[in-house]
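Inspection log for the structure reproduced underneath, given as structure tokens.
The values are calculated or read from the model by the stated rules, or taken from the named source; none is laboratory data. Since we're looking at a predicted model, the values are computed, not measured. Cβ sites come from the backbone with ideal geometry, for glycine too, and all protein chains shown count toward neighbours. Only protein heavy atoms, including side chains, enter the accessible area calculation; ligands, DNA and RNA are left aside. Shrake-Rupley method; radii C 1.70, N 1.55, O 1.52, S 1.80 Å.
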Amino acid sequence: MSNLLEPIVQAVVTLVGALGAPGVGIAVAAENLFPPIPSEVILPSAGFAAASGSMGLISAIVWATLGSLAGALALYALGAWFGRARFYFLAAKIPFVKEADIKRAEAWFVRRGPLAVLVGRIVPVVRSLISIPAGIERMKLLPFTVYTAIGSAVWNSILIGAGYALGANWALVEEWISRYQLIVFALAGVALVVWAVKKWTARKALVSTAKPRHMTKSVRKTSSIS
């Protein structure tokens, strides 16, 4: 864990200790809005607290899920405010990204939005960010809320349950989740490189085919003048 985050994490753990299960909800809502706050610390520590009798296990999961939902709805509102036009304007400035790519991604999200939200809630970092495109696309609020609640409940139950089972060794969960994050980031990095190479190759091929056509037109024009 970064030294810069240690004071924040300590403050969050103190909050949970002072308020019990509602403190878990507040901490998780903050984690959704500020992803660097690690849920892999908040949730297992809540599980340990439940195992120690400081709060109920079910209460911790319910409050954590309510906190996740509150944070997700706030980010959904941010995405809705940001809007589709601004998104297109900014995305078009990304190297190798064309409007057709954005439209394909948008069409995919329209078709798979509920699944993306559900699965996204159990993927580090994506857990928070998935709410923004849902807001931009104005995904229907009821399905968004339901799928967010289900995905969040699964994630929260796993991490709180792990902390509950491990007891005083709950900090091991952070190590496990860190490995999971590395795998996710590595896969995302590979996918990004593959996508960039494909775009570069396609653009190079387009330029290569355009040159002979241009040369042919020039030759025809010269011949007609002669």
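Points worth noting:
- The one condition from (1) modelled with pLDDT of 70 or more; (2) open to solvent by 50 Å² or more (accessible area, probe 1.4 Å) that residue 100 does not meet is (1).
- Scope the stretch 130-148; condition in a helix (DSSP H, G or I) and not aliphatic (A, V, I, L, M); matching residues: 131, 133, 135, 143, 144, 145, 147, 148
- Within the stretch 30-74, the set of residues being closer than 13 Å to residue 131 by Cβ and open to solvent by 20 Å² or more (accessible area, probe 1.4 Å) comprises 33, 35, 69, 70, 73, 74.
- Of the candidates 31, 40, 106, the single residue that is acidic (Asp, Glu), in a helix (DSSP H, G or I) and modelled with pLDDT of 80 or more is 31.
- Filter result for the condition that a residue is surrounded by fewer than 17 Cβ atoms within 10 Å (Cβ to Cβ) and either among the charged types (D, E, K, R) or on the phi < 0 side of the Ramachandran plot (or both), over 110, 117: 110
- Total residues in the stretch 53-70, condition outside any helix (DSSP H, G or I) and without any contact (Cβ under 8 Å) to a residue 12 or more places away in the chain: 1
- As for the stretch 80-93, it holds at least one residue that is modelled with pLDDT of 85 or more and under 14 Å from residue 136 (Cβ atoms).
- Meets criteria (modelled with pLDDT of 85 or more, buried (at least 16 other Cβ atoms within 10 Å of the Cβ) and among the β-branched types (Val, Ile, Thr)) for residue 130: no
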